[in-house]
Amino acid sequence: MVITESQVGVHDLVLLDELTEEKIVDNLRKRFQANVIYTYIGEVCVSVNPYREMNIYGSDNVNKYKGRELFENPPHIFALADAAYRAIKQKNSDTCVIISGESGAGKTEASKIIMKYIAAITNPESQAQIQRVRNVLIQSNSLLESFGNAKTNRNDNSSRFGKYMEIVFDFKADPVGGVVTKYLLEKSRVIQQLPGERNFHCFYQLLNGASDKELKDLHLTRNPSQFHYTSQGTVDPTEKANFKTTLAALTSLHFGADEIQTIWRLLGAILWLGNVQFKSEDDKLEVANQNALKNVSSLLRVTESDLRHALTSRVIAARGDVMVKTHNVSQAEFGRDALAKSIYERLFDWIIEHINRGIATPGDKNLQRYFREIGVLDIYGFEVFDTNSFEQFCINYCNEKLQQLFIELVLQQEQEEYRREGIEWTAIEYFNNQIICDLVEKPHTGIIATMDEACLNVGKINDEILLEAMDKKLAAHPHYSSRQLKPMDKELHHKKDFRIVHFAGDVVYNIDGFLEKNKDTLFQDFKRLLYSSKDQLLSQMWPEGAQDISKITKRPLTAGTLFQRSMQELVKQLKTKEPFYLRCIKPNDIKAPSKFDTDRVTHQVRYLGLLENVRVRRAGFAHRQTYEKFLARYKMISQYTWPNYRGAGAKEGVQVLVKDKCFHHDVKYGRSKIFIRNPGTVFDLERHRNQMIPHIVTLIQKHVRGWLCRQKYKKMVAALTIIRYYRNYRLRMYIERLAKLFRNARNMPDYGKSIQWPSERLVHRDARKILQDIFSKWRCFMILRRYPRSEWPTLRLQIIAAHALGRKRPHLGLNRKWQGNYLSIASENTQYNAFNASARTMMNTDNFKSILFSGFVKKFNRFNKTADRAIIITENTIYKLDDARGKFRNMKRSIAIRDLTGLSVSPDRDQLIVFHSPDNNDLVVALQGENGALLHEDRVGEVVGNVCKRYYE
């Protein structure tokens, strides 16, 4: 039988039968041993580090949790990330995922999983902006791990800085930008590590992964034991592959070749700086190993003499006087280490600034008002080492602040909200760690204030005096103790240690180094030295080095105060967002994949406040929302509230809706909010809403499409109106130009024929044809008005003939009067009476009205035989007649003008005409006078003009 995930223990600790600390731990153990690492407490996700790869983060799981409610599927970090993303889309509110737990509990890996999930579920279209942000989000993780993580005794990949990454989404919920904020890089790790621990990963990646040529250029060797700052750690065999990953991330994030080379040079300079040693001879401080000094100056692009001077002496400006003070060996070593730490910190800050430029949110501030954010907080976990110094003090203070935020938002505010809304409630007791936060940050009496006061004193103040001041101010505090206050406490060293009872357990801090680390002193000489570097990038990292050597600068804020302010700003920022919690637990201290240390887990369950969290969630309500927002989201599922509730107010509308859907048994009505106890009720509400959304979307689409079409129609009508007025305007301008050109055309000999018409545009083309036609008719009229109207018919025929024949026949008889019916004229035909009689008979028989042309012809047949004949052309037909001897008898040989397929004439003066008929029986004649006399005038043009005119008519 296969055991499913839901059958292993309970998936939500709220569902435990018996609520005790032991039951919570036992449930986590059962699920961990069954390879189930995620468990819920309501909407809080508890994760147990498996210390091995798990096949639960593939694309199938992404699709399984995408767009689903938190409780629809088994507990998973994907469900938490999706809930944060859906809150942006559905509620239009900023969200954040707060990841907390001890060092080694899997916080960094969890943040990477969340980033990859958000990148996977956003808009899959290959938009350049989305792809850019996705790439930066994923690549920046590996890069920041390389430069900000290190191996500790508790974690092979421990974050030695705090990281808060905000992903910015546009109104479509697509990522368009972001910003990475870092908190308190543990830069002291650069110069010193605890036994068994290592420096930052990047140093070992460089030594093991760079090519021989690159190492030669940096004057480095592959053996980390040859460099003081890395000699305490060992090289991991995977560092060569990790170096390639880091290099690929730098390239992908658009670091230039020169910038990448500068990064490696600065790392090399730090390594060689650790090898610089000092010796005192005759009360004069000298650099013991000149080769290391030479390599450092070469890599930093500064002169060897300037570097030696900055390492061995210090310029002091006091009341306008400038003096040089020579260091002793311990002071020189302190300055050397401070320089190494500062170079690394500035480099790390510059890398983050470069990443932020790569994902900077585009658009102006007015547009960015509508953007929403998901913040992912991956910050150092609670730490307890054999020797705990200033860094562990700040880290644990950070965890106190985050625990206080969790208490305030999850435990305290929730209970206060029930009382404020008038909901019946039994108060849940819990430990409020505000007292511990006050111990650290309270003005005047807190530890940070006491350290700042000691740093401001002019006299010789050391760590021992600082501890005495803390004992004096905090003697009565229940969470603070020292050997001076408790002489019988043998665990504390006299005048060296003090203990803080944190919410996660007791931590003993060694006071040595607190003052110097809080001051975070870096001599001004080093700032001027690096500002003068020939490496422009390195010089830009130290802008304060440009200050005049004699200028007295204001004392900078201490590291403790800066960290305190950054924590307060972070908490303030987180309070403006809807929080989602991931509580990480480490099952054992040896990083074993199958071992579950019950005592170790019990301790974490206790200080994480999981028991109190379960109690509050168990007694409380899974969902609460203001009446206005609740009604606005779910009003469409009830006919009584859709589209708008017309009753007294939003509360009454919510009550009507809940009653209509029979959810009244699972809700409570507060003064301004509705409270829903069972998550299933929220799921049912969402299901009803999702069923209605398609219908509402269709309705909205219908109205929007109708509105868009109407707007489009209005724009088309407006465009047509504009076009019409524009065309008319252009046409008026064109006509005005023509009017100016043709103003004197009436007085010109050719009446304006020689005038060049202006080039037309498309809008003028049709109008130009009409205007040219009008001009042509006007010009014809101006020419024709010189002739009597009685001659116009003849002129028309002559024009038709000339147009038909063109330049092919110059002889058309245009200089004579065209009489047409020549056979009816006595001077042309002595037998005109016989012709007129025959013509009248034909008119009555064939019903034609007039004779357009008549004349004697010589007819040619196909055998080239000739005969004298006569032809007449009427409005419809061409007739062949016998000659005068035959009394002009109709020979029944006629051709309809409409049936003609063509006319042929010769280009010379002969009077030959061929009438082409469709049956290939052409009529071939030559015009002649009576009795075969030759004509002394050309009549071919007259025949062509009459036939063409009637043909086209």
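The values are calculated or read from the model by the stated rules, or taken from the named source; none is laboratory data. Note that this is a predicted model, so its numbers are computed, not measured. Glycine also receives a Cβ, built like all others from the backbone with ideal geometry; neighbour counts cover every protein chain displayed. Just so you know, the surface numbers come from the protein's heavy atoms only, side chains and all, with ligands and any DNA or RNA stripped out. Shrake-Rupley method; radii C 1.70, N 1.55, O 1.52, S 1.80 Å.
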Cut-off under 17 Å on the C-alpha distance; same-chain residues fewer than 8 positions from Lys64 excluded. Which lysines are left, in chain and number order? Lys116
Ignoring any ligand, DNA or RNA, what whole percent of the accessible area of the range 822-950 comes from carbon and sulfur when the probe is 1.4 angstrom? 46 percent
Can you pull the percent of the range 333-487's accessible area that's carbon plus sulfur, 1.4 Å probe, other chains left in place? 50 percent
For the pair Arg732 and Asp910, what calculated FRET efficiency results from E = 1/(1 + (r/R0)^6), where r is the Cβ-Cβ distance and R0 = 60 Å, to the nearest 0.05? 0.60
Just to confirm the number: angle between the C-alpha axis of helix 463-474 and the first principal axis of the chain, 0 to 90 degrees, nearest 10? 90 degrees
Relative to a virtual label point 7 Å from the Cα of Arg816 in the Cα→beta-carbon direction, which members of the range 857-884 show backbone nitrogen distances below 16 Å? 857-858
The range 596-675, dipole about Cα centre (Lys/Arg Cβ +1, Asp/Glu Cβ -1), debye to the nearest 20: 240 debye
hull vol. (C-alpha, convex hull) per residue for the range 212-292, Å³ -> 111 Å³
To check you understand DSSP bridge types, tell me what percent of the beta bridges within the chain (both residues inside) are antiparallel, rounded to 5. 80 percent
Heads up, the range 623-709 by the C-alpha gyration tensor (a ≥ b ≥ c square roots of eigenvalues; a/c under 1.5 rounded, else a/b over b/c prolate, else oblate) looks prolate
Two pseudo-spin positions, 7 Å from Cα along C-beta at Arg765 and at Ser225, lie apart in nanometres by 9.0 nm
In the range 655-806, carbon and sulfur make up what percent of the accessible area (probe 1.4 Å)? 59 percent
Enter the angle in degrees (range 0 to 90, nearest 10) between the Cα long axis of helix 128-148 and the first principal axis of the Cα atoms of the chain, meaning the one along which they spread out most. 20 degrees
Under the helix-only model (-39500 (n - 2.57) for each DSSP H run of 4 or more, divided by the residues of the chain), the mean residue ellipticity at 222 nm, to 500 deg cm²/dmol, is -14500 deg cm²/dmol
Qualifying chymotrypsin sites (Phe, Trp or Tyr not before Pro) for the range 842-934 [loop in DSSP, other Cβ within 10 Å: at most 16]: Phe863
Taking Lys659 as the anchor, which lysines have their alpha carbon closer than 21 Å to its alpha carbon, excluding any fewer than eight residues away along the same chain? Lys629, Lys635, Lys651, Lys668, Lys673
Compute the angle between helix 792-805 and the longest alpha-carbon principal axis of the chain, please, reported from 0 to 90 degrees and rounded to the nearest 10. 60 degrees
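Tell me the per residue accessible area of the chain using a 1.4 Å probe; a whole number in Å² is fine. Don't skip to the answer; put the middle values down first.
Details: 47890 Å² over 953 residues.
It amounts to 50 Å² per residue over the chain.
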Rounded to whole Å, give me the distance from the Cα center of the range 319-344 to that of the range 720-765. 89 Å
Residue separation between His494 and Glu468 times 0.36 nm, minus their alpha-carbon distance, gives in nm 8.3 nm
For the range 161-204, which trypsin sites (Lys or Arg not before Pro) are in a loop by DSSP, counting at most 14 other Cβ atoms within 10 Å? Lys172
Correct choice for P(r) over Cα pairs in 20 Å bins from 0, in percent that was computed from the model, options (1) 12, 30, 27, 17, 10, 3, 0; (2) 11, 30, 35, 21, 3, 0; (3) 10, 28, 19, 9, 9, 13, 9, 2, 0: (3)
Scan the range 870-946 for trypsin sites (Lys or Arg not before Pro) in coil per DSSP, keeping those whose Cβ has at most 15 other Cβ atoms within 10 Å, and list them by number. Lys887, Arg889, Arg909
Taking Cα pairs under 8 Å and at least six residues apart, what relative contact order does the chain come out at, in percent? 11 percent
Can you give me the Cα centroid spacing of the range 434-457 and the range 58-80 in angstrom? 45 Å
